[in-house]
Amino acid sequence: MSISQASLTLDEAPYRQRSEFRRGVAASTPVLLGIVPYALVLGAQAAQKGLSVAEVPLMTGMNFAGGSEFAAIQLWTSPPHILLIAAITLLVNSRHFLMGAALAPFLRELPLRKVFPALFLMCDESWALGLADARQRAAAGLNPAFSLPYYAGTALPFYLAWVAFTTTGAALGPVLGNVEDYGFAMAFPAVFLVLMRGMWKGFAAARPWLVSLVVAALTYLIIPGAWYVAAGALSGLVAAYMFSGDQA
């Protein structure tokens with residue numbers, strides 16, 4: 001490569017990174033609009049449980065995992081049952097072990113100073129978009145397969161929007177009353193149905209999802225409280241492990 005070609009490549013690098021970041025933002029925008037309603041719902045529920053407008057962004061910013069935050073708020077009492085909330089949070093967030101393992105082959109060449117922030121910002125939506133893009137790039141022979149700027153373009157908007165709109169929900173919650181009356185809660189399962197459709201690989205691969213759904217539904221009907229969250233998460237993990245041999 002000549003000096004002029006090398007210079008051109010270096011000059012193009014920041015442009016390519018900005019282009020990949022914009023591509024990630026564009027890919028995340030339709031799903032991003034879907035998380036706004038249930039971020040408002042979570043913030044309003046947290047305010048109704050007694051959390052202040054300052055405490056809500058601390059919770060959602062430091063524990064960036066909507067499912068466990070909803071579970072924690074449902075279990076919140078005064079004083080809170082810390083050990084129970086911590087255990088439920090661990091179980092609900094345990095899916096991140098599998099999500100991180102799925103991304104690990106694509107993150108292997110990145111330095112840890114980039115891997116750790118990427119994993120901190122990982123949520124269901126950014127993980128699904130980032131993994132799908134990495135697989136497409138790998139199939140097309142692009143190297144590296146994992147585009148960190150693209151992933152940042154998907155993950156950062158989710159993080160910022162989640163913290164901002166949960167805080168907004170906490171501020172508006174006392175005024176709006178029960179925000180679930182507006183139908184906002186439907187956005188939560190709707191977004192996950194869209195993500196599941198994008199990751200669908202046939203019934204065999206979806207068996208852990210079905211097991212988790214059935215166990216969670218039965219637990220909800222039989223056992224009072226939020227134990228259905230833990231039951232669904234744990235049964236899904238066990239099913240994924242048991243069925244993993246069939247996928248080999």
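A few points about this structure:
- Efficiency of FRET between residue 132 and residue 220 - r from beta-carbon atoms, R0 45 angstrom, step 0.05: 0.90
- Burial ranking of peptide ranges 155-162, 110-117 (average Cβ count within 10 Å, highest at the top): 155-162, 110-117
- Net charge contributed by nearby residues that have their C-beta within less than 14 Å of residue 229 (K/R +1, D/E -1): 0
- If the segment from residue 83 to residue 19 were pulled out straight at 0.36 nm per residue, it would be longer than the present Cα-Cα gap by 18.5 nm.
- Extension reserve of the residue 110-residue 241 stretch, reckoned as 0.36 nm per residue once the Cα distance is removed: 44.4 nm
- Take every Cα pair under 8 Å whose residues are at least 6 apart in sequence, average their separation, divide by the length of region 30-131, and the relative contact order is 23 percent.
- Apolar share of the accessible surface for region 110-174: 70 percent from carbon plus sulfur atoms, 1.4 Å probe.
- In Å², nearest 10: area of residue 133 left accessible to a 1.4 Å probe: 10
- Average accessible surface for region 28-170: 46 Å² per residue, computed with a 1.4 Å probe over protein heavy atoms with every protein chain in place.
The values are calculated or read from the model by the stated rules, or taken from the named source; none is laboratory data. Because the structure is predicted, anything quoted here is derived from the model rather than measured. When we count neighbours, we look across all protein chains shown, and the Cβ atoms used for this are built from the backbone with ideal geometry, even at glycine. The area values use the complete protein model at the heavy-atom level, side chains included, leaving out ligands, DNA and RNA. Shrake-Rupley method; radii C 1.70, N 1.55, O 1.52, S 1.80 Å.
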